[in-house]
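The structure appears below as structure tokens.
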Amino acid sequence: MEYRYPGHEQAQWVEDEAGRRPQGWEWVTVGDVALVHRGRSYKKENLVETGGMPFINLKCIERDGGFRMDGIKRYEGPIKPTQTVVADDIVMGVTDMTQERRIVARAARIPRLEAPAAVSMDVVKIQPREDISNSYLYGMFRFSDFADEVKLHANGANVLHLNPERITAFEFALPNEDLRNQYGQFASAIYSQIDVLNLRNANLRRTRDLLLPRLVSGELDVSGLRVAGIEEEFDAVEREAGQ
């Protein structure tokens, strides 16, 4: 592991049976700093087209980690508080149908949603203790050797399954609270901006999907439309085409 944090050039180093780490950092397991909650088992009738609540499932996990908005389904049925998530919560795939193991043990951060979401049985919710920020723990899951190591413990013939105990047993070096907070504040601002941009992109896609069929069919006539700022460019193209 490389330790590239503010002030690492002046760090004193400690070497023990667990490995090399900066002085002041401590070896911990995920189970020391977080709780892992299993998702909700469900039946086909629990999945609905409208109503209910957003349902976070395996299709919401990008290959190699990250969140997919287009994977969200709708769920209607009983749910426990530990099986619900809101923005900034961490979820992780514990089932995988890709033999390359590109989804199992991969973490995703919940973006801004219109309401709290339920978590399916193929996903676990990871809740850090109070002095560990979601942003810091998510960064550890995504940008360390966590996934590459833990995914090897998933087993199964056609579908891979990962025991959550393999998640909690993973050991890593934890910095002091001040350094964790610095990272958390920096990363949180970036994640918030990502949420804003994703929402804007989603709105643009919806607008495109509404307008495109009307444009193709001719129902919407834009032949006389002039867009401010690019009219001169259109005029130049027309002049060049007429020469």
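Structure summary
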item: Filtered residues of the range 1-23 (kept if part of a loop (DSSP other than H, G, I, E, B), within 30 Å of the chain's Cα centre (by Cα) and more than 30 Å from Val124 (Cβ to Cβ)); result: Pro6, Gly7
item: Subset of the range 171-188 (residues that are within 17 Å of Val30 (Cα to Cα) and among the hydrophobic types (A, V, I, L, M, F, W, C)); result: Phe172, Ala173, Leu174
item: Gly51 being touching a residue at least 12 places away in the same chain (Cβ under 8 Å), surrounded by fewer than 13 Cβ atoms within 10 Å (Cβ to Cβ) and either in contact with a helix residue (DSSP H, G or I) (Cβ under 8 Å, 6 or more places away or on another chain) or in a loop (DSSP other than H, G, I, E, B) (or both); result: yes
item: Pairs, first on the phi > 0 side of the Ramachandran plot in the range 62-76, second charged (D, E, K, R), C-beta under 6 Å, six or more apart; result: Asp64/Arg102; Gly65/Arg106; Gly65/Arg142
item: Residue count for the range 14-47, restricted to those that are out of contact with any Lys or Arg (no Cβ under 6 Å at 6 or more places or on another chain) and either of a type in the set (A, V, I, L, M, F, W, C) or surrounded by 10 or more Cβ atoms within 10 Å (Cβ to Cβ) (or both); result: 23
item: Any chance Arg63 is charged (D, E, K, R) and part of a strand (DSSP E or B); result: no
item: Of residues in the range 66-106 being of a type in the set (Gly, Ala, Ser) and in a loop (DSSP other than H, G, I, E, B), the one surrounded by the fewest Cβ atoms within 10 Å (Cβ to Cβ); result: Gly66
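Every number here is computed from the coordinates shown, using simple stated rules; none is lab data. Computed from a predicted model, the values in this text were never measured in an experiment. Here the Cβ is made from the backbone with ideal geometry for all residues, glycine too, and neighbour counts use every protein chain on show.
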